[in-house]
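What follows is a short report on a single structure.
What follows draws every value from the coordinates through simple rules; no lab data is involved. Remember, it's a predicted structure, so these values are computed and weren't measured experimentally. Virtual Cβ from ideal backbone geometry, glycine too; neighbours counted across all protein chains shown.
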Amino acid sequence: MLEIFLKTLPFFALMGVGYTAGRTRFFPAEATAYLTKFVFYFALTAMLFRFAATLPVAELFDAQFASAYLLGSVVVYLLVTLVAKARGLPVAEAAIEAQCGIIGNMGFLGLPMLAVLLGKAAIGPIMMILSIDLIVFSSLVVILITGSRDGRMSFGVLASVGKGVLKNPMVMSMAAGLLWSAANLPIPAPANEFLTILGDAATPGALFAIGASLAYKSAERMSVAIWLSFAKLVLHPIAVGICALLIFDVVRFDAGVMIAAASLPVAGNVYILAQHYNVAPHRVSATILVSTLVSILTISLVISWVGTF
């Protein structure tokens, strides 16, 4: 446990540096927004393309793995939705809370950290989870919010969701990399060096940006934030772990990666969605803050356990 905690500490220390820079306003909110754009559109895109282009296509999709992750996530999604509806919340707010319960910070925290802590063999499962989150659940929340406001589901809504998925640089970089891999093409040495240098900026840039953004997060609605953080950090890894190990018999190492990924704190893009649609942004902000702080300990516990797989 202590050994894993010490290995994760540098990642959270980078977030702490970003938080301090944001809190003291040495790194203002506008600078954080531009750093996030750099990581999202350039550094992370380069990292994902390079990983996908050097990954055999067969390693990316595993029906048992995908089924286990989907089932476990859907169970938690429905549970959080039911709790929200029992509190009398409308569909849009229930959908945002459910999103908090299952969408972890895979792109900015999970991919760089788990690839280091669990090894390169974890990259395939991580990218599969990232694909499911981006294509399935990120589309679902937009459909639920938009549909509940319009009172019906229209082709325009579905078309807009489809365009949003296709315009997502993480989705496009993974797709382009897999096409490159399927064509069995080597990456030319200068291009590989370029992608490596740019991709290496993703980890420190993303962690610093996460920390800086936390400095501007609200700590309101703490009781709800604690419940949603519990759903994300405890219920989600338990649910996918049961599905992976007891129902679908996923390869143990891959199951360990899935459980570790499910233990990640709530992703920042949930807040972006909440803010864009003006659906409980302060509640989501508080949940991101609480889940990220608590995950400093819980991630070490989970990775210590799955490391025995």
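General observations
- 222 nm mean residue ellipticity, helices alone, for the chain (DSSP H n ≥ 4; -39,500 (n - 2.57); rounded to 500): -23000 deg cm²/dmol
- Residue-by-residue Karplus 3J(HN,Hα) for region 124-135, coefficients 6.51, -1.76, 1.60, Hz, glycine and proline x: x, x, 4, 5, 5, 5, 4, 5, 5, 4, 6, 8
- Within the chain, longest stretch free of exposed trypsin sites (Lys or Arg not before Pro) [DSSP loop, at most 13 other beta carbons within 10 Å]: 153-309
- Taking I187, I288, I123 in turn, the Gaussian network model of the chain (Cα-Cα springs below 10 Å) assigns the largest fluctuation to I187.
- Protection proxy ranking of 61-68, 179-186, 112-119 - average other beta-carbon atoms within 10 Å, highest first: 112-119, 61-68, 179-186
- Debye-formula intensities of the chain, expressed as log10 I(q)/I(0) at q = 0.08, 0.12, 0.13 Å⁻¹, are -0.33, -0.78, -0.93 (one equal scatterer per alpha-carbon, no solvent).
- Take the Cα radius of gyration of region 205-309 and divide it by 2.2 N^0.38 Å, N being the number of residues; the result is 1.16.
- Listed by chain and number, the lysines whose C-alpha is less than 25 Å from the C-alpha of K37, apart from same-chain residues fewer than 8 away, are K163, K167, K217.
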